[in-house]
1. Shielding by partners for B:48-60, please: the mean number of other protein chain Cβ atoms within 10 Å of each residue's Cβ.
2. Where does chain B land at 222 nm, in deg cm²/dmol rounded to the nearest 500, when only DSSP H runs of n ≥ 4 count, each adding -39500 (n - 2.57), divided by all residues?
3. As a test of the definition: with a 1.4 Å probe, what buried accessible area, both sides summed, do you compute for B against A, in Å² to the nearest 100?
4. In nm, to one decimal, how far is the residue A:44 label point from the residue A:174 one, both placed 7 Å along Cα→Cβ?
5. Given R₀ = 22 Å, FRET efficiency for residue A:164-residue A:99 by Cβ-Cβ distance, to 0.05?
6. Suppose a student asked you for the relative contact order of chain B, using Cα pairs under 8 Å spaced at least 6 residues apart; what percent would you report?
7. Given labels modelled 7 Å from the Cα in the Cβ direction, how far is it in nm from residue A:150 to residue A:305?
8. Taking a point 7 angstrom from the Cα of residue B:218 along the C-beta vector, which residues in the stretch B:25-42 have backbone N less than 16 Å away?
Amino acid sequence: MNVIARPGLLPWAPEKTGEGSPAAGPAPALPVPPVPRGPGAIATFLLPARLAWRQLRAERARLLSAIMGVMFAAVLVFMQLGFRSALFDSATRLLAAMEAELFLMNPLTTVSFRPEALPRIRAHQALALPEVAQAVPVYLTQATWRNPEDGSRRMIQMIGFDVEAGAMHFEGLDAIAPALRRIDAVGFDTRSRPEFGDVARLFAERGPFEVQVGNRMVELAGLVSIGPSFGADGNLVMSEVNFRRMVRERQPSNTDLVAIRLRPGADIAAAQRRLREILPPDVVVLTHAELVAHERRYWETATPIGFIFGFGSIMGLIVGMVIVYQILFSDIANHLREYATLKAIGYSDGYLARVVMAAALILAVLGFLPGAALCTWLYDVVAGATFLPLAMTVERTATVFALIFGMCAAAGLLAMRKLRDASPADMF
Amino acid sequence: MDPIRIAGLTFAYGEGELRRPVLRDIALQVHAGEVVLLTGPSGSGKTTLLTLIGALRAMQEGSCQVLGRELMGANERERVRLRRSIGFIFQNHNLLGFLTARQNVAMALEIDAAISERERLERAGAMLAAVGLSGQEDKLPAKLSGGQRQRVAIARALVAGPGLVLADEPTAALDKVSGGEVAHLLRDMAKSRGTPILMVTHDPRILDIADRVVAMEDGRIVEAAAA
């Protein structure tokens with residue numbers, strides 16, 4: 001023993017210390033390390049979160065730049081997902097506006113603005129079922145429209161059908177249905193893009209006036225409201241007869257879509273099965289939801305558009321993640337001594353990991369909220385400029401929040417690796 | 001039982017040819033309530049010894065019992081647990097810059113979930129008053145003088161009622177007057193609680209606080225003298 005010990009006996013030290021008795025029994029007064037009780041949820045999560053918040057708050061400029069980064073990512077993802085969903089919504093808007101329960105379509109039709117023809121006789125055959133009340137042929141094509149103001153030409157979607165059958169419903173259609181029965185009368189979609197001319201104003205000033213569609217002068221007899229889609233910038237509705245008059249190359253015996261109205265109370269699924277049985281395989285029988293889904297699938301799979309917006313979202317998330325990672329990483333790097341000190345006084349790696357994670361999630365919330373608010377406004381602006389149906393939905397808000405949350409969590413996990421460098425042994 | 005009982009402790013940095021032993025066959029005991037100063041030239045291994053006793057490093061050889069726990073072979077989890085019963089005072093105060101003095105002291109209590117927030121802050125405030133910092137509780141470390149910061153560090157080390165205090169040159173960054181004050185304060189606080197102190201120091205001005213001075217050189221204890 002190379003230590004000359006002077007027993008540091010203190011009046012309040014209850015046991016005798018001496019090196020002569022190293023094997024002495026357990027000394028009762030030895031300060032016993034406090035036994036940690038099972039940590040509650042508060043200590044497990046709220047205390048690290050509070051520490052994280054205090055640390056973030058201490059450096060305003062850095063916090064602000066982190067929030068801006070998350071906000072940027074949130075806005076980017078919101079816009080990309082918004083465009084994506086607006087595309088799908090608007091692409092199917094025309095079909096979604098049709099009010100029939102069942103539809104007949106050529107199985108080769110991939111998308112409504114490029115329809116394959118089906119025999120018109122199938123509409124009449126469908127009437128064989130007692131539960132079918134109406135079977136209305138719908139004609140779809142695109143033609144050039146000459147802007148009545150400046151003469152420029154642009155492709156417009158033409159929709160021809162029995163305007164009084166009630167199989168289709170567009171805003172304003174009922175009011176102009178009688179006018180559409182006139183020869184060469186068309187109804188113009190006021191929500192078409194402005195490049196078609198300010199038809200609504202002209203109509204209000206002049207009443208019905210002549211416009212050129214294809215190579216034909218037709219009468220603009222009224223206004224409806226449908227809305228443009230990626231496939232068509234504007235819409236014209238007209239009666240079936242006028243459609244055939246204007247699109248002469250079409251065979252009268254062919255149509256593009258048949259809308260079937262069932263009698264009230266009829267079982268749609270049963271009617272769909274029976275129609276499949278009696279109709280030849282040159283038509284498919286779809287419910288309204290299936291028709292819309294079919295159209296949507298085209299945009300999702302057969303075009304790169306869905307992918308592009310998905311990719312844009314991922315880019316936004318990656319940029320946001322890098323920003324958050326940078327902030328968290330430099331926060332840890334700058335406070336390495338403090339983290340090491342905390343480790344030295346008994347904080348576990350897990351506790352400090354929760355601090356970093358809490359910081360990441362605080363940034364997620366703080367960046368997301370202004371991002372969502374900004375996007376609500378941006379949606380209005382963009383919807384006004386593009387006439388696309390952009391709106392802040394609860395569903396999308398939840399999705400984007402989940403993505404931003406995940407993004408920040410991933411950044412936090414990456415930044416946590418830096419915690420290993422905080423070695424308490426280097427503190428002395 | 002002594003708070004620190006070390007026997008046959010040997011420690012080396014590096015591997016293979018680069019292996020450089022820093023501690024050789026150390027034996028040391030610190031008794032309950034005793035203030036022991038560890039001195040010696042740079043590189044004599046005293047800081048390494050302190051980190052081993054503080055469970056900040058894994059042991060390699062020998063036996064080191066701290067507060068009744070054997071550290072040889074202890075895993076990280078056991079070491080983290082033991083650290084909670086030790087009060088650390090560093091050369092630099094190492095206070096968290098974004099927390100007030102009171103919050104810094106309370107950090108030493110936040111590990112224990114059984115203590116309420118109010119009790120934490122009260123105990124922290126009482127401890128700050130005990131080190132002579134009444135009225136400074138809500139200042140950030142940047143607003144305090146060097147001596148005041150080290151007092152906060154002492155309060156943080158003692159507030160949880162540790163079984164042992166380890167200090168590494170706590171007066172190195174302070175001038176003579178405040179260094180002496182801090183050293184005596186630390187000793188008085190520890191003595192009144194019966195807490196043993198093991199302090200590494202170069203500072204001859206504070207040798208008078210020691211019950212015993214242990215000198216190290218080249219990884220060995222060369223001399224131990226009563227102060």
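The values are calculated or read from the model by the stated rules, or taken from the named source; none is laboratory data. Given the structure is predicted, the values throughout are model-derived calculations rather than measurements. Every residue, glycine as well, gets a Cβ built from its backbone with ideal geometry; the counts of neighbours run over all protein chains shown. With ligands, DNA and RNA removed, areas are computed over all heavy atoms of the protein, side chains included. Shrake-Rupley method; radii C 1.70, N 1.55, O 1.52, S 1.80 Å.
1. The per-residue average across the peptide is 3.
2. Value at 222 nm, helices only, nearest 500: -9500 deg cm²/dmol.
3. That pair hides around 4800 Å² of surface in total.
4. 5.9
5. Once rounded, the FRET efficiency stands at 0.95.
6. RCO, chain B: 28 percent.
7. Going from the residue A:150 label point to the residue A:305 one covers 2.4 nm.
8. Within reach of a label on residue B:218, which here means backbone N under 16 Å from a point 7 Å along Cα→Cβ, the stretch B:25-42 contributes B:25-26, B:40-42.
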